[in-house]
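The values are calculated or read from the model by the stated rules, or taken from the named source; none is laboratory data. All values reported here derive from a predicted model rather than from experimental measurement. Neighbour counts run over all protein chains shown; Cβ positions are idealised from the backbone, glycine included. The area values use the complete protein model at the heavy-atom level, side chains included, leaving out ligands, DNA and RNA. Shrake-Rupley method; radii C 1.70, N 1.55, O 1.52, S 1.80 Å.
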Amino acid sequence: MSDIIVLMGPQGAGKGTQSGMLAEKLSLPIIATGDILREVARADTDLGHLVRDTQAAGRLVSDEILAEIVSRRIGQGDCAQGCILDGFPRTLPQAQLLDSIAAARGDRIIVIDIDVPRDLLMKRLAGRRICPACGTLYNIYFKPPAKQGVCDLDGHELVPRSDDTEEAIEKRLSQYDEKTRPLLDYYRKRGSLFTVDGRGLPEQISANIAGFIERLAAPYGAI
Ligand code: AMP
């Protein structure tokens, strides 16, 4: 039996940071559906155009496309010992699909909800900048580069992510409330949900998450 660890929380909650830290601690691969879809969106195909337009508007890509992407990715060899999901599931049909994948593999689903207040989320998202060359992430409020507007590592000009317009951010947060937040109850009812305060230092949040997962793994059901 392996663990499928799901990181939930609205955009800006720190799922990317926490999945990276957890992946290192547990030596598990990360499946970040937003990254996979951004890769798909780069292709000059009908699917690529559809995904690009959907992402740019801050809407959700269809469950069918997600089902195809996630089933294929989890089936790869590096996920045999489990994996960390960042950004999936985001809808009830996606959660049901994940249930059936986990049941077929005999895997356990552990859901971590990263809880962050709305005003902090807005600052994190609207302040986000990325280096288009090396992908390093910055934030103009919390993690500015040494020289304003350029990457510390290679001097390229930093840009917002194409879907980080204020309108798209609002759209994504309201989609989260409407379609994704109800999943928390879905998992809470089964007792597989752990809510962590996402406001502190990344290392502290990571330690809290890792502590929870360790307690789950402990003999005699220590939690
Ligand atoms: P993220 O990088 O996780 O913030 O995702 C960026 C965008 O990719 C989202 O705003 C959606 O357009 C799309 N996306 C990522 N994951 C999903 C998902 N599980 N279901 C639907 N759309 C998704």
Output yes when any residue across region 98-107 is part of a loop (DSSP other than H, G, I, E, B) and in contact with a strand residue (DSSP E or B) (Cβ under 9 Å, 6 or more places away or on another chain), and no when none is.
-> yes
Would you be able to say whether some residue in region 151-172 is of a type in the set (A, V, I, L, M), over 18 Å from residue 6 (Cβ atoms) and free of Cβ contacts under 8 Å to residues at least 12 places away in the same chain?
-> no
Among the residues of region 30-60, write down those that are surrounded by 16 or more Cβ atoms within 10 Å (Cβ to Cβ) and either farther than 17 Å from residue 172 by Cβ or of a type in the set (A, V, I, L, M) (or both).
-> 30, 31, 32, 36, 37, 40, 41, 51, 60
By residue number, the members of region 166-200 that are more than 12 Å from the ligand (Cβ to nearest atom) and surrounded by 16 or more Cβ atoms within 10 Å (Cβ to Cβ) are 184, 186, 187, 193, 194, 196, 198
Yes/no for residue 85 being touching a residue at least 12 places away in the same chain (Cβ under 8 Å) and either assigned to a helix (DSSP H, G or I) or among the charged types (D, E, K, R) (or both) = no
Take the residues in region 10-19 that are in a helix (DSSP H, G or I) and within 11 Å of the ligand (Cβ to nearest atom), then tell me which one is least open to solvent (accessible area, probe 1.4 Å).
-> 19
Have a look at 26, 22, 7 and point out the one that is at negative phi and open to solvent by 20 Å² or more (accessible area, probe 1.4 Å).
-> 26
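Matching residues to (1) part of a helix (DSSP H, G or I); (2) basic (Lys, Arg); (3) in contact with a Leu (Cβ under 7 Å, 6 or more places away or on another chain):
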{"residue": "1", "(1), (2), (3)": "no, no, no"}
{"residue": "21", "(1), (2), (3)": "yes, no, no"}
{"residue": "38", "(1), (2), (3)": "yes, yes, no"}
{"residue": "44", "(1), (2), (3)": "no, no, no"}
{"residue": "48", "(1), (2), (3)": "yes, no, no"}
{"residue": "53", "(1), (2), (3)": "yes, no, no"}
{"residue": "69", "(1), (2), (3)": "yes, no, no"}
{"residue": "72", "(1), (2), (3)": "yes, yes, no"}
Kindly provide the set of residues from region 61-76 that are loosely packed, with under 15 Cβ neighbours inside 10 Å, of a type in the set (Asp, Glu) and within 11 Å of the ligand (Cβ to nearest atom), ordered by number.
-> 64
Among (1) in contact with a strand residue (DSSP E or B) (Cβ under 9 Å, 6 or more places away or on another chain); (2) more than 10 Å from the ligand (Cβ to nearest atom); (3) part of a helix (DSSP H, G or I), which single condition is residue 34 missing?
-> (2)
Filtering region 90-134 for residues that are buried (at least 18 other Cβ atoms within 10 Å of the Cβ) and among the acidic types (Asp, Glu) leaves a count of 2
Residue match in region 77-86 (condition: among the acidic types (Asp, Glu), within 13 Å of the ligand (Cβ to nearest atom) and open to solvent by less than 50 Å² (accessible area, probe 1.4 Å)) = yes
Quick one: residue 146 ticks every box in (1) open to solvent by less than 90 Å² (accessible area, probe 1.4 Å); (2) free of Cβ contacts under 8 Å to residues at least 40 places away in the same chain except a single one, so which number is it?
-> (1)
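Here's the yes/no breakdown for (1) among the hydrophobic types (A, V, I, L, M, F, W, C); (2) within 25 Å of residue 120 (Cα to Cα); (3) under 13 Å from the mean Cα position of the chain (by Cα); (4) at pLDDT 95 or above:
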| residue | (1), (2), (3), (4) |
| --- | --- |
| 1 | yes, no, no, no |
| 7 | yes, yes, yes, yes |
| 12 | no, yes, yes, no |
| 19 | no, yes, yes, yes |
| 27 | no, no, no, yes |
